[in-house]
Amino acid sequence: MKTKANLRMRRLGNRFMIVDSDTGSKNTTDVHSLNETAAEIWQFAEANPGFTAEDIAGFLTRTFDVDPETALADAKRITGQWIKENLIIE
């Protein structure tokens, strides 16, 4: 998987927003809000094109106090959501 081109993460207070930075984009209403943990996962995904849910799970277990099974379930859930929201490409 990889993050879609032209998407940029911006910090707004204690939240993070993913917006389309393509000024020619016709749809400016799609803004995706992330908490701090999701923002860290997004940064990992941007830095690792070709990532898998398993890669994210490994990142989660290295970065946070979470067991591998929970990390993988969380990684599958977030990548599934991001695919549904058209933020990443399989």
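For the reader, a short list of remarks on this structure follows.
- Helix-only arithmetic for the chain: the sum of -39500 (n - 2.57) across DSSP H runs with n ≥ 4, divided by the residue total, places the mean residue ellipticity at 222 nm at -14000 deg cm²/dmol.
- Computing Cα Rg over 2.2 N^0.38 Å directly from the structure and comparing it against [x] 1.03; [y] 1.28; [z] 1.08 singles out [z].
- In summary, the aspartates and glutamates within cross-link reach of K2, defined as a Cα separation below 17 angstrom excluding same-chain residues under 8 places away, comprise D20, E40, E46, E54, D55, E85, E90.
- Carbon-plus-sulfur accessible fraction, the chain (probe radius 1.4 Å, protein heavy atoms only): 48%.
- Accessible surface computed residue by residue for the chain, with neighbouring protein chains in place and a 1.4 Å probe, gives 63 Å² per residue.
- Solvent-accessible area of R8, all protein chains in place: 100 Å² (probe radius 1.4 Å, heavy atoms, ligands and nucleic acids excluded).
- Rounded accessible area of V19 (nearest 10 Å², 1.4 Å probe): 40 Å²
The values are calculated or read from the model by the stated rules, or taken from the named source; none is laboratory data. None of the values given here were measured: they were computed from a predicted structure. Keep in mind that these areas ignore ligands, DNA and RNA; they rest on the heavy atoms of the full protein, side chains included. Shrake-Rupley method; radii C 1.70, N 1.55, O 1.52, S 1.80 Å.
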